[in-house]
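The structure under discussion appears below in the form of C-alpha cells.
The values are calculated or read from the model by the stated rules, or taken from the named source; none is laboratory data. None of these values were measured; they are calculated from a predicted model. No Cβ is skipped: glycine too gets one built from the backbone with ideal geometry, and neighbour counts run over all protein chains shown. For accessibility, only protein heavy atoms count, side chains too; no ligands or nucleic acids. Shrake-Rupley method; radii C 1.70, N 1.55, O 1.52, S 1.80 Å.
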Amino acid sequence: MRGIKESPWLIHYDASSCNGCDIETLACLTPLYDVERLGVLNTGNPKHADIFVVTGAVNAQSAAVIRNIYHELPEPKVVVAVGACACTGGIFRECYNISGGVDSVIPVDVYVPGCAARPEAIIDGVVKALVVLEAKQREMMAMANSLDQTLYLPADKSDAPEILALQKIAYQSEAELYGDDSLPAMHQTLHELQQDFERIPDRVAVLASGQPAAGEGQPPEERIVFLKAVVNGKIIGSVRGYAIGDTAHVRRMIVHPYFRGRGIGRRLLKEIENAFPEATHFEAKTGHQSKRNLFQLVHGGYRVFRTEPFTEHINWVYLRKDKTPAPAATKGAK
Ligand code: SF4
C-alpha cells in the first residue's frame, strides 16, 4: 500500500463532459500543477490503475463503458467523480439522454464539485481518494486473513443490495470472457432480486412439520433459497437454489474476485446442496467458457448432460449430479 500511496495510478474517463472538467483534469498534469512529480500517473489501462476519475454525466453509451472500466480495475479501487455533471448530472441532469451522475452506475467514493472543478480541488479529491483506498486495502487484508472464520448463513431480503453489488462484480469477469454483457445476472435489478427473496419458503419448517410453509402455494421454480458467505460482516460470496420435484437447482454461485481460489465456492456449493436434504439430484448451469465454474462443478461430482445456445457468444452448459446415498451404518457400530 505504501507504494500505491506514494505513486497512485489513475485512469480518467470522459462520460459525456463538455470538456471543461477534462481540461482541468489534464491541467493537473501540466507544469503548473505537475502531479507526476508527486508520483501520480495517468494510465490508459484500467488494470494498472487504483483510482478511477470520471468527468461528465452518464448517458446510455457511457454507462456500459464506465461499468466495464470500473470492473477492470483491480481491487481495492476508488472512484472519484469530478465536476457537477459527474457528481449529480449537473446542468444536464434533466436531459432525456442523461441517467444522472456516476453513482447511477457504479459506487462513487469521492465527489469533487465545481463547474468546472478546479485543478486544486481535483488534486484534493485524489488525496482524499488515497485515504479511502488505504482504508479499503486494510479491510481487504483483514478479510483475507480471516477467511478461516467465514460464516455460511442463510441470506435475507436485507442482504439484497450487497448481494446484487457482489453479483455484478462477480459476473463482470464472465461478461469479459464472452465479450457479451447480456448475461441476465448483470442486468438484474434490486427490485427483482428483492422479489426473489420474498419467494423463499421456510424449508426448515416444511421439513419439520410436513406442512406447507410460506411460499408453498407459488410455482415451485419461484421458491428460492439464498445463502451467503460472510467475513467480518461483509458478504464475499453467495449462491441460490430451488427445488423442483426431487431435483435441486443450483444457481448464481458468486465469489468476490479478490477471494477466489480459496475454497469459498466449493463450500457454498456444499452448503446449498445441504439446504435441500430431500433432493435426490442436483442440477447447475454455467456458460460454456466458464472454466472455473465448470472445473468446480465437475470436481464436485457434476456431469454435463445438456447444452443450449443463449446468445451468439454464450452457450449454457447444464450439469447434473445424483445425490450420493449416505453410507449405511455398519452392523454393531456405535
Ligand atoms: S461540470 Fe461544468 S465544466 Fe464540468 S463537464 Fe459539467 S458542464 Fe462541463
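Calculate how many DSSP beta bridges within the chain are antiparallel, expressed in % of all such bridges and rounded to the nearest 5.
Approximately 65 percent, going by the DSSP bridge assignments.
Taking the Cα centre of the chain as the origin and placing charges on Cβ (Lys, Arg +1; Asp, Glu -1), which of HIS71, HIS313, ALA248 is farthest toward the positive end of the dipole?
About the Cα centre, the residue reaching furthest to the positive side is ALA248.
Report, please, the projected area of region 89-173 averaged over directions, based on the convex hull of its C-alpha atoms, in nm².
One quarter of the hull surface, i.e. the mean projection, equals 8.7 nm².
With an 8 Å Cα cut-off and a minimum separation of 6 or more residues, compute the relative contact order for the chain in percent.
So the answer I get is 11 percent.
For ASP156 and LEU26, compute 0.36 nm times the residue count separating them, minus their Cα-Cα distance, and round to one decimal in nm.
Answer, rounded to one decimal: 42.2 nm.
Sort 25-32, 163-170, 228-235 for me by packing, meaning the mean count of neighbouring Cβ atoms within 10 Å per residue, highest on top.
163-170, 228-235, 25-32
Would you mind pulling out the separation of the Cα centroids of region 221-268 and region 270-328, in Å?
13
Say the dipole of the chain comes from +1 at the beta carbon of Lys and Arg and -1 at that of Asp and Glu; which of PRO119, MET141, SER99 then lies farthest toward its positive end?
MET141
Can you list which of the DSSP-assigned H helices in the chain have a Cα extent of 27 Å or more along the long axis and an average Kyte-Doolittle score of at least 1.6?
Answer set is empty.
Quick one: with all protein chains in place, what share of the accessible area of the chain is carbon or sulfur, to the nearest percent (1.4 Å probe)?
54
Mind checking the per residue accessible area of the chain for me, 1.4 Å probe, whole number of Å²?
In whole numbers, the chain has 51 Å² accessible per residue.
Taking the Cα atoms of the chain, report the difference between the largest and smallest coordinate on each principal axis, in whole Å and largest first.
85, 45, 37
What does the C-alpha gyration tensor say about the overall shape of region 73-136? Classify as rounded when a/c is under 1.5, otherwise prolate if a/b is larger than b/c, or oblate.
oblate
When the Cα centres of region 1-71 and region 76-132 are compared, how far apart do they sit, in Å?
What the calculation gives is 11 Å, centre to centre.
Among ASN232, HIS299, GLN188, whose Cα projects farthest towards the positive end of the dipole of the chain, with charges put on the beta-carbon of Lys, Arg (+1) and Asp, Glu (-1)?
Going by the Cα projections, it comes out as HIS299.
Top mean-square fluctuation among GLU278, GLU174, GLU312, Gaussian network model of the chain, C-alpha springs under 10 Å?
Comparing GLU278, GLU174, GLU312 in a Gaussian network model of the chain, the most mobile one is GLU312.
Show that you can apply the helix-only estimate: for the chain, add -39,500 (n - 2.57) for every DSSP H stretch of four or more residues, divide by all residues, and state [θ] at 222 nm to the nearest 500.
Value at 222 nm, helices only, nearest 500: -10500 deg cm²/dmol.
Between rounded, prolate and oblate, where does region 1-92 land on the alpha carbon gyration tensor, with a ≥ b ≥ c its root eigenvalues, rounded for a/c under 1.5, else prolate if a/b exceeds b/c?
It comes out oblate by the Cα gyration axes.
Rounded to the nearest 10 Å², what accessible area does ASP124 have for a 1.4 Å probe in the complete protein model?
Here the accessible area works out near 80 Å².
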